1. So what does the Cα-only Debye profile of the range 249-342 read at q = 0.18, 0.19, 0.24 Å⁻¹, as log10 I(q)/I(0), no solvent term?
2. If one takes the longest principal axis of the Cα atoms in the chain, at what angle in degrees, from 0 to 90 and to the nearest 10, does the Cα axis of helix 88-98 lie?
3. Determine ³J(HN,Hα), in whole Hz, for all residues of the range 69-83 in sequence, where each value follows from phi through the Karplus function 6.51 cos²θ - 1.76 cosθ + 1.60 and θ = phi - 60°; x replaces Gly and Pro.
4. Where both partners of a DSSP beta bridge lie in the chain, what percent of those bridges are antiparallel, to the nearest 5?
5. Sort out for me the Cα centre separation of the range 199-221 from the range 26-56, rounded to whole Å.
6. Which of these, Ala80, Ala209, Ala120, has the largest mean-square fluctuation under a Gaussian network model of the chain (Cα springs below 10 Å)?
7. Could you order the peptides 182-190, 58-66 from most to least packed, using the average number of other C-beta atoms within 10 Å per residue?
8. Kindly state, to the nearest 0.05, the FRET efficiency for Ser334 paired with Arg229, given R0 = 41 Å and r defined as their beta-carbon distance.
Amino acid sequence: MARDPRSETETAAEHDWIRLKDQELLDRTIASLELRLEDSPVWPLFQRLHAELERRGLRFRPYAWLSTDWFTPDGATGFAIPFYLAHPRLVALERRQMLQVEGGTKDECLKILRHETAHALDNAYRLRRTKSWRETFGSAAEPYDSSYTPDPTSRSHVLNLDYWYSQSHPLEDWAETFAVWLQPGSRWRKRYAGWPALAKLEAVDRMMAQVAERTPPVRSRFREDPVHRLNTTLRELYARKKAVYAEESNPAFDGQLSRVFPPAADAPGRPRAAAFLRKSRRGLIQRVSHATGQHRYLLDHVVREMIDCSQQKDLRLANSPSEAIVDAAVVLTSLTSQFLYGAHPRYQR
C-alpha cells in the first residue's frame, strides 16, 4: 500500500475534531473522523511487521484496517486495529475513558501485531486443521471460556501479552507462540531452554519452514466493521466498552472485605476503610495492574464498589496503612480474578 503523498501535518490539519473538548468529541461518530491507517502512527509499525515476515522468509503478508478494537475475524487473512491508535488525540481520549491504551506503546503494539498476524496466517493456510498443529496446541474447536485462571509458574506456555494469555485457549497459545518466534532478537531457543514451551516454538519453526514459500490457499480481503462504516458515536462506543467490565465485576464483596476490614463495632476508633481506599485508589490500581496485567478500568470499577461497600458497612482498618494496602491489593486481585482476557470482546470474534 502506498503512503499518501500529503505530509502528516497537512493530513492532521484537515481534521476539525482534534481540538474539540472530550464531551464534544464523544458526540462525533467514528466514521466522521475520516481516519486512515496509512496516515496513522501505527502504519510504520505495520510495515515493520511485514519486514519481519520477509526476514523470516515467509511469503504471507496480512492486510489490516481500522475498526473498534483489535481482532481477526474467522476466515480473514487480515486483522483490525483499533481506531484510537490512528491519532494522538484519540489515544488521549481512550486513556481518559478506559484508563489505559491497549497497544499504546511501540513495544506493546508490535506484540499485538505479531499476535494478530498469527491468527490471520492460521486462517490463510488452515493450519489448525493440520495434524502437527493439533498435536502441538490441541483442538481449535475447544470453546472459549468467559474466564480462565492462569498458572504464573507454568513453563508450558510462552510469555508475550499480559496475564499469561497463551494459557487461555489453544488458538491463543498458537498466536502467542508464533509472536515470540517472529520477534527479532527474541533468542527463544535460549530464553525457553528447558521449558516444555520450547517444543511448541520448535514446532512453529518447522510449520513455517513448510509454508514459507507457499501461496496461501485462502486469500480473503474481508474487512469487518471498518471505520468508514461505523456511525456509532464515541460516547455510545465507550458506554458499551465500560458496560462489559461493569457487568463482569463481582458484587459479593461483603465477605472478602470484612475479612480484612472489620466493622466499626469490632474496631472502634480505627480509620475508615472507605476513606483509606479512596485515598489509595490510584496506587492500589497501579500495584494490582502491574502484578496481574488486569485492565485498569475493571480494577477502577471494582475499587469504587469496594469503597461504596466499605462506606455502607462502616468498615475500618484493622492494621497499619502499609499492611492495609497489601490486604486491599489481595482483595482486589481476588475480586477481579475471574474476569481475565478470555472475556475481552475482541477475543470472542
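1. Taking Cα atoms of the range 249-342 as identical point scatterers yields -0.71, -0.79, -1.24.
2. On a 0 to 90 degree scale, this one is about 40.
3. 7, 7, 5, 10, x, 4, x, 7, 9, x, 8, 8, 10, x, 4
4. Values: 4 of 9 bridges.
So the antiparallel bridges in the chain amount to around 45 percent.
5. What the calculation gives is 24 Å, centre to centre.
6. Top of the fluctuation ranking is Ala209.
7. Ranked from most to least packed, the peptides come out as 58-66, 182-190.
8. Numbers: r = 41 Å, r/R0 = 1.01.
About 0.50, to the nearest 0.05.
Just so you know, all these numbers are worked out from the coordinates, no wet-lab data involved. What you see is a predicted model; the values in this text were computed from it and never measured. When we count neighbours, we look across all protein chains shown, and the Cβ atoms used for this are built from the backbone with ideal geometry, even at glycine.
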